[in-house]
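Note sheet for the following structure.
The values are calculated or read from the model by the stated rules, or taken from the named source; none is laboratory data. Because the structure is predicted, anything quoted here is derived from the model rather than measured. Cβ sites come from the backbone with ideal geometry, for glycine too, and all protein chains shown count toward neighbours. Quick note on the areas: whole protein, heavy atoms, side chains included, nothing else; ligands and nucleic acids left out. Shrake-Rupley method; radii C 1.70, N 1.55, O 1.52, S 1.80 Å.
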Amino acid sequence: MSPTELSADLVHTIESDRTSLSKDSFKRAFLDNLFYTQGKFLQVATHMDYYLALAYTVRDRLLYRWVSTATAYTDHASRTVSYLSAEFLMGPSLGNNLINLGILEEVRQAIAELGLDLNDLLDQEAEPGLGNGGLGRLAACFIDSLATLELPALGYGIRYEHGIFYQTLRDGWQVENTDNWLRYGNPWEIRRPEWSVEVKLGGYTETYTDAEDRHRVRWVPAKTVVGVPFDSPILGYRVNTANTLRLWSAEATQSFDFEIFNRGDYMGAVNKKVTSENLSKILYPNDETPQGKELRLEQQYFFVACSLQDMFRILQGQGVSIERFHEKFAVQLNDTHPAIGVAELMRILVDDYVLPWNDAWSITTRTFGYTNHTLLPEALERWPLELFRRVLPRHLEIIFEINDRFLHDVRIAFLGDDAKVRALSLIDESGERYVRMAHLASVGSHAINGVATLHSELLKKDVLADFHALWPHKFYSVTNGVTPRRWLALANPRLSELLHDTIGDGWIRDLDRLRELEAYADDPAFGARWREIKRANKVQLAELIAKRTGIEVNPDSLFDVQVKRIHEYKRQHLAVLQVIAMYHRLKSNPSAEILPRTFLFSGKAAPGYFMAKLMIRLITAVGDVINYDPEVRGRLKVVFMPNFSVTTGQRIYPGADLSEQISLAGKEASGTGNMKFAMNGALTIGTMDGANIEICEEVGAENFFTFGMTAEEVDARRRAGYDPRAVVESNPELYAVVELIRNGLFSRGDTELFRPIVDHLLTHDTYMLAADYASYSACQYEVDEAYRDVARWTRMSVLNVARSGRFSSDRSIDEYAGKIWKISPVSVPLL
Ligand SMILES: *Cc1c(COP(=O)(O)O)cnc(C)c1O
């Protein structure tokens, strides 16, 4: 029987049975996988074996939907989104897939009947930490929402062998440990060597005349590496759509370079293989300040070149002509890391397919959309020209050509304005010459968007103002969101159950349905359950804190939480000053009425970021004093929880009472942690920055604690001349806090340790902590007052959840699909 005779009916009969969701079929498959995949039996199997057997059982059910999806997409020749992102911070897959299949509770039951606890198995899964923080997590939420909205999409990225480092503490300092997430294998991925592609790097270019007498350019690379795709199915919530996350791994073209090998240099030959494989070896742990490292540029080009070749393969497989590339694919650039794609697509179209430049440019600009993620000037990626030429000689020529043509238009648009030409150029020529990746992305895309309303406005006014003057029609704003599947249904099962009992399950797919909770905001019985749930989550979080840090915290204290990357602009420092002030208040007046609080911090610092690492040391040092001072026992605790990750986040957000979102206004593009907290019933104390503004608007100012300067006030204050020392000296509370640090209370008398922090605060205070301190401190009193009024706090918390619908990534993706990608859902029938 030939494969084509394998009729759809037969496939259905065989597969729908083998991968049925019924409990019996599931148990049977689980045991099959334990025996025949893991080669274990019940008496000797470890929890890891059980986890893997379960993961394979779930994966089979995903694969059935995946094949069905691929079939539907091929039949429809669907327009597809390619989401290009150097980072995908996915978090563990098992629980999420069970939620999306709609069988979490059934599987819990089936597993229990085999004498196992599902939670123990869920705990076995290593987290694929293939991202630094918000940006990578956004990509993960988006890929979930794309599938849930039944939109044809491919996520393209890098399969780093080592993801973000695992953080531990030694003597209160951050220590980075290598992450080994692949140690036990990754059951969710499928290696696809048949779709491997070759990627060139380095070398030089030469011109020649081809057989048809055309003038052409040939790129003669110094080396070639192979990109091997690893695919993971991404299932939408309660739909049959299973999209693909395709991550590229770098391999050597041959295991050995036989030429070197034959010369007798065995180690040299092996070394060359190792060098090629270095490309996808490790994720750069930089956050907000990219380093101009050659390997990083190579990584970026590597995954973009692999992904574009893959799209051409798909295009050709469907018999679509090259000229219609932009009709088949909408390619979204998640920040500038994949921006080299603009030059690469031009190179393919012009050099390989010999399209006229203007035709190629039209296809390219209609293909790409660019999402900007930062307002920090130091975070805008740029590459020294010489480095760029060394790695990508042909692309540099293409960028020069793009720039020539672009600057010609600029000269005509801004007649005689040479400053504009210099400001807009793709090449920064103010000193050492650089390629400006944000400019390449902006010129090469038809859509440029910011990730929150304020951020998009500031882009137009500031970072990309000249581009906005040129092309106002290119600018969009799409406020970020987070997936309610992972961040509510999975992370907060207790709250989900209450929601289920109260308003049903519609909210999981349509988060606006949470509005129905407003009717219960003042219902005492509902409020009591609400508080029980928060308390149970806090008890569970307290257990995790004790396990990870040995610190006992009181679940009846207010859990005041700041978790995110450690960075000066996010102002962990401001929160610490406030903690010390509270401690000082208690010490000065031991009988002071103070609301018991637990301050929880967590987050990684970039390994080369001195001030961020010192900040961690200050937090642990403050904890070491306060937590062991008998006079404040039961009233104040300060915890630094090591290794913030998606997994720990899932335990932390649901257990928080207060969410600290205190960046200097105008610095945080959006934030998404703020959304996860609100969705889980924490109230926010925050500045008018990023998406905080929109959260405050949605939940109502009376249910949100705002403080500090607005972005405009920040500008005005700076223009007026900002003197932080004067501000500190005029505020007795703040002055006292600074003195305590300076005099070595938190460093056993060492007055040097924290001097850089104190000095910076008094001299530069780049992120204007001093200017916002008084307002922050006053606002914390309001928090105390609100928390003491149990009914009021409960009502505020309920309303935060009820009004968080806008912050679902489903809403974000719906906006991208309609405004930028022009793409529609394809419903997938099971085969
Ligand atoms: C959500 C999330 C972030 C982003 O947090 P912000 O508060 O928006 O900076 C970073 N890391 C992880 C693991 C997350 O889950």
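Can you tell me which of ASN703, ASN674, ASN627 is polar (S, T, N, Q), at negative phi, buried (at least 21 other Cβ atoms within 10 Å of the Cβ) and away from the ligand (no atom under 13 Å from the Cβ)? Walk me through how you get there before you give the answer.
Numbers: ASN674 fails: away from the ligand (no atom under 13 Å from the Cβ); ASN627 fails: buried (at least 21 other Cβ atoms within 10 Å of the Cβ).
When all the criteria are applied, what remains is ASN703.
If I filter region 475-493 down to residues being open to solvent by 20 Å² or more (accessible area, probe 1.4 Å) and not small (Gly, Ala, Ser), which single residue comes out as nearest to the ligand (Cβ to nearest atom)?
It comes out as LEU490.
Of all the helices (runs of 4 or more DSSP H) wholly in region 365-434, which have at least 2 residues that are open to solvent by less than 60 Å² (accessible area, probe 1.4 Å) and under 25 Å from LYS461 (Cα atoms)? Step through it out loud before you land on a result.
On the way: elements: 385-391, 393-413, 418-424.
Counting at least 2 such residues, we get 393-413, 418-424.
Looking only at region 571-591, count how many residues are over 17 Å from SER777 (Cα atoms) and within 15 Å of the ligand (Cβ to nearest atom).
Result for region 571-591: 0.
Enumerate the pairs (first residue in region 332-356 and farther than 17 Å from GLN299 by Cβ and charged (D, E, K, R); second residue anywhere and open to solvent by 20 Å² or more (accessible area, probe 1.4 Å) and not in a helix (DSSP H, G or I)) with beta-carbon separation below 8 Å, excluding pairs fewer than 6 apart on the same chain, so at least 6 apart or on different chains.
ASP351/ARG216; ASP351/VAL217; ASP351/ARG218
Need the failing condition index for GLU660 against (1) open to solvent by 20 Å² or more (accessible area, probe 1.4 Å); (2) within 13 Å of the ligand (Cβ to nearest atom); (3) part of a strand (DSSP E or B), just the number.
Of everything listed in (1) open to solvent by 20 Å² or more (accessible area, probe 1.4 Å); (2) within 13 Å of the ligand (Cβ to nearest atom); (3) part of a strand (DSSP E or B), GLU660 misses just condition (1).
Looking at LYS564, is it among the charged types (D, E, K, R) and either surrounded by fewer than 22 Cβ atoms within 10 Å (Cβ to Cβ) or more than 16 Å from the ligand (Cβ to nearest atom) (or both)? Let's see the steps before the verdict.
On the way: among the charged types (D, E, K, R): yes; either surrounded by fewer than 22 Cβ atoms within 10 Å (Cβ to Cβ) or more than 16 Å from the ligand (Cβ to nearest atom) (or both): no.
No, not satisfied.
What's the total number of residues in region 30-89 that are over 33 Å from the mean Cα position of the chain (by Cα) and open to solvent by less than 10 Å² (accessible area, probe 1.4 Å)?
Of the residues in that region, 1 qualify.
Does region 636-653 contain at least one residue that is without any contact (Cβ under 8 Å) to a residue 24 or more places away in the chain, more than 12 Å from the ligand (Cβ to nearest atom) and open to solvent by 10 Å² or more (accessible area, probe 1.4 Å)?
Residues of region 636-653 without any contact (Cβ under 8 Å) to a residue 24 or more places away in the chain: none.
So far as region 636-653 goes, no, none of its residues is without any contact (Cβ under 8 Å) to a residue 24 or more places away in the chain, more than 12 Å from the ligand (Cβ to nearest atom) and open to solvent by 10 Å² or more (accessible area, probe 1.4 Å).
Might you let me know whether region 335-347 holds any residue that is open to solvent by 40 Å² or more (accessible area, probe 1.4 Å) and not in a strand (DSSP E or B)?
First pass over region 335-347, keeping only residues open to solvent by 40 Å² or more (accessible area, probe 1.4 Å): none.
No, the conditions are met nowhere in region 335-347.
Give the number of residues within region 133-181 that are farther than 19 Å from LEU614 by Cα and either within 16 Å of the ligand (Cβ to nearest atom) or assigned to a loop (DSSP other than H, G, I, E, B) (or both). Talk me through it step by step, then tell me what you get.
Let us first name the residues in region 133-181 that are farther than 19 Å from LEU614 by Cα, namely 133-164, 178-181.
Pick out the ones that are also either within 16 Å of the ligand (Cβ to nearest atom) or assigned to a loop (DSSP other than H, G, I, E, B) (or both) and you get 133-145, 149-152, 159-161, 163-164, 178-181.
Count: 26.
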